[in-house]
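S.K.: Below you'll find the structure I mean.
The values are calculated or read from the model by the stated rules, or taken from the named source; none is laboratory data. Everything numeric here is computed off the predicted structure, so don't read it as measured data. Every residue, glycine as well, gets a Cβ built from its backbone with ideal geometry; the counts of neighbours run over all protein chains shown. For accessibility, only protein heavy atoms count, side chains too; no ligands or nucleic acids. Shrake-Rupley method; radii C 1.70, N 1.55, O 1.52, S 1.80 Å.
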Amino acid sequence: MNASFRVPSKDYAVQYRDLLGELMPALERAFLSDDPILGEATDRFERAFAEYLGVAHVVGVNSGTDALILALRALGVGPGDEVVTNANTFIATVSAIHLVGARPVLVDPDPDTMAVTAVTIESAATPRTRAFLPAHLYGFLPPMDGIVDACRRLGVALVEDAAQAHGAIGGDGRRAGTYGAAGCFSFHPSKNLGAFGDAGAIATSDETLAARLRRLRNLGKETKHEVRHLTTNTKLDTLQAVILELKLPRLDAWNGRRRQIAARYDERLSGIGDLVLPPRANDGSHVYHLYVVRTERRDALRDHLKRRGVNAGLHYPIPPHRQRLDVDLGYAEGDFPVAEACARTVLSLPVSPELTDAQIDVVCDEVDAFFGGAA
Ligand SMILES: *Cc1c(COP(=O)(O)O)cnc(C)c1O
């Protein structure tokens, strides 16, 4: 599929070709370990990721969606509760809130950053609010101090959806996913730190919460035969853990390369047509999971790029409250003007670390050509 694009949105084969020399012996050891699930490799990766993030515990699960569901469940969020999140988030954030029985309360993001702020998130709080669940979309970590303060003042839990923000560092030096009671990560292959299949994790420094999460991911088991919760089965496989363990030491360099690509885009695309560029944050608070530009001519630009061999993506063209769901979220068109404008105008330019400068220049040239080459 990538063969048809001069500039694919991502290229797993290029990434793995570099890793195979180390990966194959590690996989061989794993296959011979008699330890297919929750084995030593999972322990090692959980410890390494906890150390990287600066938290006490990481609990590996099957997906980012499960990480969100388990984090909310472990905090006791359930029927009758409300959880506030961004109206422009990926559907999984909203699904997780619904699946624990709580009501997803959506708030419009800030039009400049497309992220939630303390003010917007606090404006949606009611006596039923049990948690704030900001999703750090595209890899951008918004200023967290106000959000942390608001949670403390209101007595609600802070759970971060950091599925797109592995490694992002806030102004106070802390990493995305470590500001609240729990930080949820996805290791979907497309993410900044990706497995070769589905995987996810929850980060927390709360010992009791971590113990509950370890039970909640494993059929409620406290010991082999003693069960504390009726729950699901969502454990991190050894093979995925081996891949993640090998990739983790490379995450910062890969994020650095993403920032380099973003800086090149920032420089070459500023002032072209009606393009709105992502919030500039080359201080480490943006790890550019996606480089998302906005333009009223989004569909035409995307078609042009596709014809010219550039695969640009849409994240996301239909916001959760505009999906034709089998449940009623209680929202209608027009409720979230910023999220709806984003859905109409966002376009993700290729920003994978394996792309070359020449490929990024192709994207810039083609965007420039589309807008008339005025620059
Ligand atoms: C990818 C993603 C998820 C879900 O992760 P999965 O591992 O695919 O279940 C949740 N939230 C956001 C913001 C994501 O980008």
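S.K.: In region 172-321, how many lysine pairs have Cα atoms under 20 Å apart, counting only pairs 8 or more places apart or on different chains?
M.R.: Step by step, the pairs that qualify in region 172-321 add up to 5.
S.K.: How much length is gained on full extension from residue 250 to residue 344, taking 0.36 nm per residue of separation minus their Cα-Cα distance?
M.R.: The span from residue 250 to residue 344 would gain 30.4 nm if fully extended.
S.K.: How much of the DSSP beta bridge set in the chain is antiparallel, as a percent to the nearest 5?
M.R.: Just about 55 percent of them are antiparallel.
S.K.: More than 31 angstrom separation, counting every C-alpha pair in the chain; what % is that?
M.R.: Here the tail beyond 31 Å accounts for 36 percent of pairs.
S.K.: What is the Å³ per residue value for the convex hull set by the Cα atoms of region 213-308?
M.R.: Details: hull volume 19.5 nm³, N = 96.
Spelled out: Cα convex hull of region 213-308, divided by residues, is 203 Å³.
S.K.: Let me ask something additional. How do 5, 31, 90 stack up against each other in accessible area, from largest to smallest, with a 1.4 angstrom probe?
M.R.: From most exposed to least exposed: 31, 90, 5.
S.K.: For region 203-219, take each phi angle, set θ = phi - 60°, evaluate the Karplus expression 6.51 cos²θ - 1.76 cosθ + 1.60, and give the result in whole Hz per residue in order, putting x for glycine and proline.
M.R.: 10, 7, 9, 8, 4, 5, 5, 4, 5, 5, 4, 5, 6, 5, 7, 10, 6
S.K.: Going by Cα centres, region 1-64 and region 136-156 are how many Å apart?
M.R.: 29 Å
S.K.: Additional query: With N residues in region 217-258, what two-decimal value do you get for its Cα radius of gyration over 2.2 N^0.38 Å?
M.R.: Dividing the Cα radius of gyration by 2.2 N^0.38 Å gives 1.80.
S.K.: Suppose R0 equals 45 Å. What FRET efficiency, 1/(1 + (r/R0)^6) with r the Cβ-Cβ distance, do residue 31 and residue 332 give to the nearest 0.05?
M.R.: Values: r = 53 Å, r/R0 = 1.17.
Here the calculated transfer efficiency is 0.30.
S.K.: Just to confirm the filter: which trypsin sites (Lys or Arg not before Pro) across region 37-129 are DSSP coil and have at most 14 other Cβ within 10 angstrom of their Cβ?
M.R.: 128
S.K.: As a test question: what accessible area, to the nearest 10 Å², does residue 252 have when a 1.4 Å probe is rolled over all protein chains in place?
M.R.: In the full protein context, residue 252 sits at about 70 Å².
S.K.: Moving to a separate point now. Could you give the dipole magnitude of region 16-59 about its Cα centre, charging the beta-carbon of Lys and Arg +1 and that of Asp and Glu -1, in debye to the nearest 20? Let's see the in-between values first.
M.R.: Numbers: 4 positive and 9 negative charges, 24 e Å.
That gives a dipole near 120 debye.
S.K.: Would you mind computing, in nm to one decimal, how far apart the modelled labels at residue 12 and residue 207 are, each placed 7 Å from Cα along Cα→Cβ?
M.R.: Label at residue 12, label at residue 207, 4.0 nm between them.
S.K.: Could you pull out the GluC sites (Glu not before Pro) across region 275-375 that fall in loop regions by DSSP (anything but H, G, I, E, B) with no more than 10 other Cβ atoms inside 10 Å?
M.R.: 333
S.K.: At 7 Å along Cα-to-Cβ for each site, give me the label-to-label distance between residue 358 and residue 190 in nm.
M.R.: Going by the 7 Å Cα→Cβ label model, 2.8 nm.
S.K.: Continuing with the same structure: Does region 41-117 classify as rounded, prolate or oblate by the C-alpha gyration tensor (a ≥ b ≥ c root eigenvalues; a/c under 1.5 gives rounded; else a/b over b/c gives prolate, otherwise oblate)? If you can, show how the numbers build up before the last one.
M.R.: Values: a/c = 2.50, a/b = 1.47, b/c = 1.70.
Oblate shape, in that a/c is at least 1.5 and b/c is the bigger or equal ratio.
S.K.: Share of antiparallel DSSP beta bridges in region 86-231, in percent to the nearest 5?
M.R.: In region 86-231, DSSP labels about 45 percent of beta bridges as antiparallel.
S.K.: Right, next: Tell me, what is the FRET efficiency for residue 20 and residue 260 to the nearest 0.05, using R0 = 25 angstrom and their Cβ-Cβ distance as r?
M.R.: Once rounded, the FRET efficiency stands at 0.50.
S.K.: I'd like the Kirkwood hydrodynamic radius of region 265-318, using the inverse of the mean 1/r over distinct C-alpha pairs, in Å.
M.R.: Answer for region 265-318: a Kirkwood hydrodynamic radius of 12.5 Å.
S.K.: Dividing the convex hull volume of the Cα atoms of region 330-375 by its residue count, what figure in Å³ per residue is obtained?
M.R.: It is 108 Å³ per residue.
S.K.: Just to confirm the filter: which trypsin sites (Lys or Arg not before Pro) across region 220-297 are DSSP coil and have at most 14 other Cβ within 10 angstrom of their Cβ?
M.R.: Counting only loop positions with at most 14 other Cβ atoms within 10 Å, the trypsin sites (Lys or Arg not before Pro) in region 220-297 are 224, 228, 280.
S.K.: As a check on your grasp of the helix formula, calculate [θ] at 222 nm for the chain: sum -39500 (n - 2.57) over DSSP H runs of n ≥ 4, divide by the residue count, round to the nearest 500.
M.R.: Helix contribution divided over all residues of the chain: -11500 deg cm²/dmol.
S.K.: Just to check I understand the Karplus step: with θ = phi - 60° and J = 6.51 cos²θ - 1.76 cosθ + 1.60, what whole-Hz values come out for region 140-151, glycine and proline as x?
M.R.: 8, 9, x, x, 9, 4, x, 5, 4, 4, 4, 4
S.K.: Something else now. Show me, for region 187-196, the HN-Hα J-couplings you get by feeding each phi into the Karplus relation (A = 6.51, B = -1.76, C = 1.60, θ = phi - 60°), rounded to Hz, glycine and proline as x.
M.R.: Along region 187-196, the couplings run 10, 3, x, 7, 6, 4, 10, x, 8, 10 Hz.
S.K.: Another question, then. Can you compute the FRET efficiency between residue 95 and residue 228 using 1/(1 + (r/R0)^6), with r the Cβ-Cβ distance and R0 = 35 Å? Round to the nearest 0.05.
M.R.: The formula returns an efficiency of 0.90 here.
S.K.: How big, in percent, is the set of alpha carbon pairs in region 253-375 lying more than 17 Å apart?
M.R.: Numbers: 4432 of 7503 pairs.
Here the tail beyond 17 Å accounts for 59 percent of pairs.
S.K.: In square nanometres, what is one fourth of the surface area of the convex hull spanned by the alpha carbons of region 18-154?
M.R.: If I average the Cα hull's projected area over directions, I get 10.6 nm².
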